[in-house]
1. So how far, in whole Å, is the C-alpha centre of the range 166-194 from the one of the range 35-112?
2. Helix-derived [θ] at 222 nm for the chain: sum -39500 (n - 2.57) over DSSP H runs of at least 4, divide by residue count, nearest 500?
3. Counting only protein chains, not ligands or nucleic acids, how are S78, S187 ordered by accessible area (probe 1.4 Å), most first?
4. Using the Karplus curve 6.51 cos²θ - 1.76 cosθ + 1.60 with θ = phi - 60°, what ³J(HN,Hα) values do you get for each residue of the range 114-127, in whole Hz, with x for Gly and Pro?
5. Jot down the radius of gyration and Dmax of the range 46-203, Cα atoms only, both in angstrom.
6. If contacts are Cα pairs under 8 angstrom and at least 6 residues apart, what is the relative contact order of the range 130-203 in percent?
7. Loop-only trypsin sites (Lys or Arg not before Pro) in the range 112-160, please: DSSP not H, G, I, E or B, and at most 14 other Cβ atoms within 10 Å.
8. If the reach is capped at under 26 angstrom between alpha carbons, list the lysines near K92, excluding any in the same chain fewer than eight residues apart.
Amino acid sequence: MEFTTGDLKALFRAFSARMATERDRLCALDGVIGDADHGIAMEQGMKAAADAAQTAEGTLQDVFNAAAKGFLNAVGASSGPLYATALLRAGKAAGPSGSMPRSELRTVIAAIRDGIAQRGKAEPGQKTMLDAWAPAADAAVDGQDADAIAAAARQGAEATRDMIATIGRAARLGERSLGHPDPGSVSAAMLVEEICNAMGKAV
């Protein structure tokens, strides 16, 4: 089954709808260890990304690039440059084509992980969104199915409860960040779930 530019635009609409639905929950999580605005940032960012994607013409890469620009213009906080870089990397992985096999969404997950790691100069274990994207990417590269990839992201996000933040705004809390999941990893797991839904059960 092919994943087309129309499917990609639908995926960005799904991202936007999920972040709107989960906004208050994400803000509540962020209120414990951050500025209580993560849900708002992700809702605004993904709405802008989805809007930009809808009007983009051309290839899968063109749609990803438009979405990246939309997200960055809407979100000035740390997640803006991180997700913009991630989406640009995803576009490069998808390539200048009108479609790709749905199974190739695995490479998109890995590319997002790589973009976030590069831009954020982060690694797993630092209580960031990377703690959800990295295990999801590992599962994707290992050829696991969509359910397993989504589960890996959720487990990674849950594991941040037992981590002490060492970078980002939560780092200033030190050990007080223990016992609370990282909001960025929780929202990342939600995005992974939407990608896995698009990937379908057949891969």
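The values are calculated or read from the model by the stated rules, or taken from the named source; none is laboratory data. Please read all numbers here as calculations on a predicted model, not as lab measurements. Cβ placement follows ideal geometry from the backbone for every residue including glycine, while neighbour counts extend to all protein chains displayed. In case anyone asks, the SASA skips ligands and DNA or RNA and just uses the protein heavy atoms, side chains included. Shrake-Rupley method; radii C 1.70, N 1.55, O 1.52, S 1.80 Å.
1. 21
2. On the way: 8 runs with 137 residues, N = 203.
Value at 222 nm, helices only: -22500 deg cm²/dmol.
3. Numbers: S78 80, S187 0 Å².
Correct descending sequence by accessible area is S78, S187.
4. So the Karplus estimates, Gly and Pro as x, are 5, x, 5, 5, 5, 6, x, 6, 10, 9, x, x, 9, 6 Hz.
5. Final numbers for Rg and Dmax: 15.3, 48 Å.
6. Working: 102 pairs, mean separation 27.8, N = 74.
So the answer I get is 38 percent.
7. Working: sites: R113, R119, K121, K127, R154; in loops: K121, K127.
Taking the range 112-160 and a limit of 14 other Cβ atoms within 10 Å, the loop trypsin sites (Lys or Arg not before Pro) found are K121.
8. Partners found: K9, K47, K69, K121, K201.
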